[in-house]
1. Tell me, what HN-Hα J-couplings in whole Hz come from the Karplus equation 6.51 cos²θ - 1.76 cosθ + 1.60 at θ = phi - 60° for each residue of region 51-62, using x for Gly and Pro?
2. Please report, to one decimal in angstroms, the Kirkwood hydrodynamic radius of region 4-56 built from all distinct Cα-Cα pairs.
3. Given Cβ point charges of +1 (Lys, Arg) and -1 (Asp, Glu) and nothing else, what value in debye, to the nearest 20, does the dipole of the chain about its Cα centre take?
4. In sequence order, what are the phi-derived ³J(HN,Hα) couplings for region 186-196 according to the Karplus relation 6.51 cos²θ - 1.76 cosθ + 1.60 with θ = phi - 60°, rounded to whole Hz, with x for glycine and proline?
5. Helix-only estimate, please: 222 nm mean residue ellipticity of the chain, summing -39500 (n - 2.57) across DSSP H runs of length 4 or more and dividing by its residues, to the nearest 500.
6. Would you list which aspartates and glutamates come within 13 Å of LYS55, measuring only between C-alpha atoms, while excluding same-chain residues fewer than 8 positions from it?
7. Using a Debye calculation, one point per C-alpha and no hydration shell, please list log10 I(q)/I(0) for region 83-198 at q = 0.15 Å⁻¹ in order.
8. Taking only Cα atoms and a 10 Å spring cutoff, compute GNM fluctuations for the chain and point out the largest among LYS101, LYS27, LYS17.
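The values are calculated or read from the model by the stated rules, or taken from the named source; none is laboratory data. Since we're looking at a predicted model, the values are computed, not measured. Virtual Cβ from ideal backbone geometry, glycine too; neighbours counted across all protein chains shown. Calculation scope for accessible area: heavy atoms of the full protein, side chains included, ligands and nucleic acids excluded. Shrake-Rupley method; radii C 1.70, N 1.55, O 1.52, S 1.80 Å.
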Amino acid sequence: ELYDEKVDFLGKVKNGKTGFSVIIPGKDDRVILSYKGVNNLLTWQDVHSSLLETKWLYISTMLGKSLETIEEIFAWSKRHNVKIALNISEYLAGKGLRVLKPMLENADIFILNKDEASILTGKKLINEIISLLSINPEGIIVITDGYNPIIAAYKNKIYKKAVKKVKPVDTTGAGDAFAAGFVYGIITNKTIPKALDFACKEALSVLM
């Protein structure tokens, strides 16, 4: 289909099995079973040439050799003034602040949900969580919490955004859409409240 639509493949072809996911829908939620395949085998040589002209990178959870490569990318980005938006999973949050500290020190935007934030910091109260995550004084932290208000923190200022309650058709990908909308807002020099508006509209478009 990509070929028919004349879409170039921008990924890296490697020997091995392509990753895939199986999504099992339930009444109110869904379970996603993921097989990472060669997605776990990303090396610095695979990506370094494509980083040279970029101003922003969006990085999500990667495992195995790929996680080591992500750590290299963070170090490279700091030296080359490339900004990074980071979004993690519960698996990566479980590694703790000590392991993730080098990433958080260089993340310009850090987006996660309340469960991931609690696992990462070992705290439940939002003020304690934000205090521990505020490692980069220039970084923006965004924490979602289901239908509870979204919390964003930047330079000792807290922003709250109410969430519209809807009956979702499918929640798969809503978190990714939220993050894309927020990062777009910041990249285009919008205020944090406006970026949160974009984020919620993107997430809602997926939920519905």
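1. 8, 5, 9, 8, 10, 9, 10, 10, 10, 10, 4, 9
2. Numbers: mean 1/r = 0.0702 Å⁻¹.
Across region 4-56, the inverse of the average 1/r is 14.2 Å.
3. On the way: 28 positive and 23 negative charges, 122 e Å.
In debye, rounded to 20, the chain gives about 580.
4. 5, 4, 8, 6, 7, 5, 4, x, 5, 4, 5
5. Here the helix-only value at 222 nm equals -12000 deg cm²/dmol.
6. By straight Cα distance, LYS55 reaches ASP108.
7. Log-scaled intensity ratios, in q order: -0.62.
8. Largest GNM mean-square fluctuation: LYS27.
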